[in-house]
1. Can you spot a residue in the stretch 171-194 that is touching a residue at least 12 places away in the same chain (Cβ under 8 Å), touching a helix residue (DSSP H, G or I) at 6+ places or on another chain (Cβ under 8 Å), in a loop (DSSP other than H, G, I, E, B) and farther than 22 Å from residue 123 by Cβ?
2. Considering (1) buried (at least 18 other Cβ atoms within 10 Å of the Cβ); (2) more than 15 Å from the chain's Cα centre (by Cα); (3) farther than 25 Å from residue 178 by Cβ; (4) free of Cβ contacts under 8 Å to residues at least 60 places away in the same chain, say which one residue 108 fails and leave the rest.
3. Just to be sure I understand the filter: pairs with C-beta atoms under 7 Å, separated by 6 or more residues or on different chains, first member in the stretch 146-163 and over 19 Å from residue 112 (Cα atoms), second member buried (at least 24 other Cβ atoms within 10 Å of the Cβ) and at pLDDT below 95. Which pairs pass?
4. Answer yes or no as to whether residue 70 is surrounded by fewer than 18 Cβ atoms within 10 Å (Cβ to Cβ) and within 27 Å of residue 37 (Cβ to Cβ).
5. Could you say whether any residue in the stretch 82-97 is in contact with a helix residue (DSSP H, G or I) (Cβ under 7 Å, 6 or more places away or on another chain) and closer than 17 Å to residue 154 by Cα?
6. For the stretch 155-170, name all the residues that are under 13 Å from the mean Cα position of the chain (by Cα), surrounded by 22 or more Cβ atoms within 10 Å (Cβ to Cβ) and assigned to a loop (DSSP other than H, G, I, E, B).
7. Just one of (1) surrounded by fewer than 24 Cβ atoms within 10 Å (Cβ to Cβ); (2) under 15 Å from the mean Cα position of the chain (by Cα); (3) in contact (Cβ under 8 Å) with a residue 60 or more places away in the chain; (4) at positive phi trips up residue 88, so point out which.
8. Within the stretch 195-209, which residues are in a strand (DSSP E or B) and closer than 17 Å to residue 124 by Cβ?
């Protein structure tokens, strides 16, 4: 299965994308800059045009207003707080972020994140905020979610795709879980992730849009 993954688009036009044989398109949050739903609608439409045969799945980010989540739900692409199955692989997600100093539209307390994740049993997790301690450093301090870290350590998804902190992209192996931290699409970054049927072999390429 081939996954095309983007996040932190923040109103950047994704344009025409030349990626072949994509089965799943994942948007790991932050379509917008807290300025309505129109750009999220445009982005999903363009992704549908770029990848007409692919399944599109998305969660909102902390900068996405409630109307973005409502649209994703109505469109049938939201995996916020739920799990869907694609080609035998269970993909679940959670949008928003832990609390920031900026009072963005979609922030959750750590106990709320933990409660929302509790029933999530999946092979691939798409969570906007990174787990505490991984690709989450600002001014030398980790600002990722402790609840996401606790859930990851207990549930051990094969793959955890996250975003939110624009400065970093990369991968990290934590026990049975491979973390894939996406770079910001607003800076022209995306990832192509190839996985086998059992997710035992994962190849990640970070690319420029």
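1. No, the conditions are met nowhere in the stretch 171-194.
2. Looking at each condition in turn, residue 108 falls short on (3).
3. Close Cβ pairs (under 7 Å, with a partner that is buried (at least 24 other Cβ atoms within 10 Å of the Cβ) and at pLDDT below 95) do not exist here.
4. For residue 70, the condition - surrounded by fewer than 18 Cβ atoms within 10 Å (Cβ to Cβ) and within 27 Å of residue 37 (Cβ to Cβ) - is met.
5. Yes, there is a match, as at least one residue in the stretch 82-97 is in contact with a helix residue (DSSP H, G or I) (Cβ under 7 Å, 6 or more places away or on another chain) and closer than 17 Å to residue 154 by Cα.
6. The answer is 163, 164, 165.
7. Among (1) surrounded by fewer than 24 Cβ atoms within 10 Å (Cβ to Cβ); (2) under 15 Å from the mean Cα position of the chain (by Cα); (3) in contact (Cβ under 8 Å) with a residue 60 or more places away in the chain; (4) at positive phi, the lone unmet condition for residue 88 is (2).
8. Hits for the stretch 195-209 are 195, 202, 203, 204, 205.
The values are calculated or read from the model by the stated rules, or taken from the named source; none is laboratory data. All of these numbers come straight from a predicted model, not from anything done at the bench. Note that each Cβ is placed from the backbone with ideal geometry, even for glycine, and that neighbours are counted across all protein chains shown.
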